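Below is one structure; the comments refer to it alone.
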Amino acid sequence: MTEQSVDHAVAFAEDPALAAAIRRQEERVRRDPASLAFAQLADLYRKAGRTGDAILCCREGLRRWPHYTTARLILAKTLLAEGQLDAALGELTAILQTSPKDVQCQRLAAEVHRRAGRLDAAVGHLEKAVGLDPGDRESKALLSLLRADASAPGESAGLARILADETFATLSFGTVCLEQGLADEAALVLTRVVRRAPDNIEARERLEAALRARSRRRG
């Protein structure tokens, strides 16, 4: 179970409303095992941190309803939360083969590729997401970061020059930026590191930490 799953499980233990919703949906599925209600139950399991139950529920339901996109997306999200990147990507690829204009799947596929260190593939999916939804400011901002664009508005000229200098594109400098609360700057630096060394697990983890910090700061 990942750290995120543990957090969800703790939240579930403290959330009687979520527990009650799961019991109601379980009863609904018991009454009609062949219904599409399994997807909602799986999503409740996912939100409660019960990722194993969510995956099993989705896979059993998809054997009956293999073209039910919502259930496949829930399965992909759950697999991603568990760090099963290749399996998550397989589910997303199946959706995008028939629904290439599914913006949410394009965004999620970008996240999977990013977390695997495949930044060019992540950029490709983000470009498609922005093309489908021009108002998607978050995807546009991520595009700028993953392209390692050091000319973001508001940066001082000196810092912009430093960030553009490959000499400073190191894991240690990116870590310092992150520790100093410079989430955008850390993401720019760490993107360059990951692009050079996509198999560097530590660099990929630091990049994800920088993106999470950036997201928290922006609310």
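Binning the C-alpha pair distances of the range 23-131 at 10 Å intervals from 0 yields a P(r) profile of 16, 44, 29, 10, 1 %, listed from the shortest bin outward.
Each 10 Å bin from zero holds the following percent of Cα-Cα pairs in the range 80-129: 31, 60, 10. Name the shape class, rounded, prolate or oblate, that the alpha-carbon gyration tensor gives for the range 48-112, where a ≥ b ≥ c are the square roots of its eigenvalues, rounded holds for a/c under 1.5, and otherwise prolate holds if a/b is larger than b/c and oblate otherwise. Oblate.
Relative to the 2.2 N^0.38 Å rule of thumb, the range 160-219 has a C-alpha radius of gyration ratio of 1.01. For the chain, a crude dipole built from +1 on the beta carbon of Lys and Arg and -1 on the beta carbon of Asp and Glu, taken about the Cα centre, is about 560 debye to the nearest 20. Surface exposure of the chain, expressed per residue as accessible area with a 1.4 Å probe, stands at 53 Å².
Every helix of 4 or more DSSP H residues in the chain counts as -39500 (n - 2.57), and over all residues that averages to -23500 deg cm²/dmol at 222 nm. Within the accessible area of the chain, the carbon and sulfur atoms contribute 52%, probe 1.4 Å, all protein chains present.
Segment ILE201..LYS101, full-extension length gain: 32.9 nm, with 0.36 nm per residue of separation and the alpha-carbon distance subtracted. Largest GNM mean-square fluctuation among ALA197, ALA42, ALA71, using the chain with Cα springs under 10 Å: ALA197. For the options ALA88, ALA19, ALA186, a Gaussian network treatment of the chain with springs between C-alpha atoms closer than 10 Å singles out ALA19 as fluctuating the most. What translational diffusion coefficient, in µm²/s and rounded to a whole number, does the Stokes-Einstein relation yield for the chain at 25 °C and a viscosity of 0.890 mPa s, taking the hydrodynamic radius as the Kirkwood radius over Cα pairs? This corresponds to a translational diffusion coefficient of 130 µm²/s.
The values are calculated or read from the model by the stated rules, or taken from the named source; none is laboratory data. Being a predicted model, the structure only gives us computed values, none of them experimental. Every residue, glycine among them, receives a Cβ derived from its backbone with ideal geometry; neighbour counts consider all protein chains shown. We work out accessible area using only protein heavy atoms, side chains counted, and drop any ligands, DNA or RNA first. Shrake-Rupley method; radii C 1.70, N 1.55, O 1.52, S 1.80 Å.
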